[in-house]
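Notes for the one structure printed next.
The values are calculated or read from the model by the stated rules, or taken from the named source; none is laboratory data. What you see is a predicted model, and the numbers here were worked out from it, not measured in a lab. Neighbour counts run over all protein chains shown; Cβ positions are idealised from the backbone, glycine included. These accessible areas exclude ligands, DNA and RNA; they are computed on the full protein's heavy atoms, side chains included. Shrake-Rupley method; radii C 1.70, N 1.55, O 1.52, S 1.80 Å.
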Amino acid sequence: MDTFTPGKINHFLCPKVCVPMMQNKVVVAVSNAFFSYNSCKWPVPSKHILSNNNCWAPILTRRRLGPVGSRVRSCYGNSKFLNPQSANGNGLEKHEVRVLKQKMELLGINCDDSCIPGNYGHLLCPKCEGGRSMEKSLSVHINRDAWQWDLRRDLAMWRCYRTCCGWTGQAFANGRVTNEGMNIIFKVSSPRQITAEGMVLEPLGEKLIAYFGDRMISEETLRRNSVMQMAGDQGIIAFTYRQKGVLIGCKYRTIEKNFWQDKGTEKWLYGLDDIKEVTEIVIVEGEIDKLSVEEAGFFNCVSVPGGAPQTVSTKDIPSLEKDKAYQYLWNCKEYLDKVSRIILATDGDASGQALAEELARRLGKERCWLVRWPKKDHSCCFKDANEVLKCLGPSALKEVIETAESYEVCTMNQVI
């Protein structure tokens, strides 16, 4: 041991090999007490006080204690952070990553070379196994910013973006919970706290703002509709569902058009607050189409939360309790009952037309109108509102919506 001076702050190597937070400053010793700055939970006497002219901090038994108060910070204000190193010289960060991967393997997540700390890797989901196509639908992220002062942030997160699965969870390398004799460090659950912070959302970054800009969606429209992104990931859009200004759910979308919602999320129309005091509304098939219709000047627009059916059902409309696929209509019944005219602007493909029929059956065909998308060329029409907005502009989209035809007349002409 180096020279020890009683009554002063001395620095020695922690015998428990804790992680160094400060350059060449690993353990602070006062008299016979030892104090580790971060992950080391080695017991220390509970009544000693770490002090000098610049800083003070009580030492508590079996508790992590980092810099407390401005005087502590000023004492080490010029210290630089180092990459954590273990006693043998190998990066401790590598050890933490290895631990995280072991914890995920207990759940069936087999990490491969794509799981690089700081990046998002895509693996086969052990819960749904990627469906029939066996797609790698499980997005896995290992946080490489493991240290910031006294906070340990070494964790792994995962989420399956298949709508029928949505499995999500986190693995921690520092919170130890014993289960059947094993140190299992993870939790698997869907976030239940319905707040942007609880759902780990943040404002859109430049990448996604540019993505929407290419689709003629302005930043003003994005802000008005509280469109956000998943924190730390520039590629996952978060469409926040709100009622009376309160966040009630969220739908996620990747740039590659993969969609999902957290399990247990109740189904509502997207943009519900925009139709609370109107008698005429527009219903579209996707959140981006809702934003597109708003760019054309129609704020009384909502989107269905899920996809369209492949075909129209030949069965009678099920009871409210059993009509699961269209539960969002029943959840919004209070709003829809006040509406006298409903313009259906679903996609122009077969599934979109099937959705229009299913909606009209439930909402009443007598108060429904149907949008006819204009011709793109001699063989096909534009597919949806956003495509018309991008190719023809907001004025053309406005005209298409304003010239919607009575649903009953449209279906009658199709029969003839």
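Looking at Lys390, Lys383, Lys376, Lys398, which one is surrounded by fewer than 21 Cβ atoms within 10 Å (Cβ to Cβ), in contact with a Cys (Cβ under 8 Å, 6 or more places away or on another chain) and either within 20 Å of Ser292 (Cβ to Cβ) or of a type in the set (A, V, I, L, M, F, W, C) (or both)? Steps first, answer last, please.
Values: Lys390 fails: in contact with a Cys (Cβ under 8 Å, 6 or more places away or on another chain); Lys383 fails: in contact with a Cys (Cβ under 8 Å, 6 or more places away or on another chain); Lys398 fails: in contact with a Cys (Cβ under 8 Å, 6 or more places away or on another chain).
From the options Lys390, Lys383, Lys376, Lys398, the qualifying one is Lys376.
Return yes when Glu399 is within 21 Å of Gly306 (Cα to Cα) and not β-branched (Val, Ile, Thr) and no when it is not. Quick ask: steps written out before the conclusion?
Numbers: within 21 Å of Gly306 (Cα to Cα): no; not β-branched (Val, Ile, Thr): yes.
No, not satisfied.
Kindly indicate which of Arg223, Arg242 is farther than 25 Å from Glu135 by Cβ, exposed (fewer than 14 other Cβ atoms within 10 Å of the Cβ) and free of Cβ contacts under 8 Å to residues at least 40 places away in the same chain. Steps first, answer last, please.
Details: Arg242 fails: exposed (fewer than 14 other Cβ atoms within 10 Å of the Cβ).
From the options Arg223, Arg242, the qualifying one is Arg223.
Have a look at Ile255, Ile217, Ile236 and point out the one that is over 13 Å from the mean Cα position of the chain (by Cα) and farther than 24 Å from Phe299 by Cβ.
Details: Ile217 fails: farther than 24 Å from Phe299 by Cβ; Ile236 fails: over 13 Å from the mean Cα position of the chain (by Cα).
Being over 13 Å from the mean Cα position of the chain (by Cα) and farther than 24 Å from Phe299 by Cβ holds for just one of Ile255, Ile217, Ile236, which is Ile255.
State the number of residues belonging to region 351-373 that are within 19 Å of Ser406 (Cα to Cα), open to solvent by 10 Å² or more (accessible area, probe 1.4 Å) and assigned to a helix (DSSP H, G or I).
Filtering region 351-373 down to residues within 19 Å of Ser406 (Cα to Cα) leaves 352-373.
If we keep only those that are open to solvent by 10 Å² or more (accessible area, probe 1.4 Å) too, we end up with 353, 357, 361-367, 369, 372-373.
Applying the additional criterion that residues be assigned to a helix (DSSP H, G or I) yields 353, 357, 361-363, 365-367.
Number satisfying all stated conditions: 8.
Filter region 374-416 down to residues that are part of a helix (DSSP H, G or I) and among the acidic types (Asp, Glu), then give me how many there are. Please lay out each step first, then the result.
Within region 374-416, the first condition is being part of a helix (DSSP H, G or I), and the residues that meet it are 385-392, 394-402, 407-415.
From what's left, among the acidic types (Asp, Glu): 387, 399, 402, 408.
Residues that pass the stated criteria total 4.
Output the number of the condition that Val339 fails; it satisfies all remaining conditions of (1) in contact with a strand residue (DSSP E or B) (Cβ under 6 Å, 6 or more places away or on another chain); (2) among the hydrophobic types (A, V, I, L, M, F, W, C); (3) under 27 Å from Gly213 (Cβ atoms).
(3)
Scan region 191-198 and tell me whether some residue there is over 12 Å from the mean Cα position of the chain (by Cα) and modelled with pLDDT of 75 or more.
No, region 191-198 contains no residue that is over 12 Å from the mean Cα position of the chain (by Cα) and modelled with pLDDT of 75 or more.
Suppose we filter region 370-384 for residues that are out of contact with any Pro (no Cβ under 9 Å at 6 or more places or on another chain) and under 15 Å from Glu285 (Cα atoms); how many remain?
Result for region 370-384: 6.
Only one of these is over 23 Å from the mean Cα position of the chain (by Cα), crowded, with 21+ Cβ neighbours inside 10 Å and either farther than 21 Å from Cys410 by Cβ or among the polar types (S, T, N, Q) (or both): Glu334, Glu294. Name it. Before the answer, list the steps.
Numbers: Glu334 fails: crowded, with 21+ Cβ neighbours inside 10 Å.
The unique qualifying residue is Glu294.
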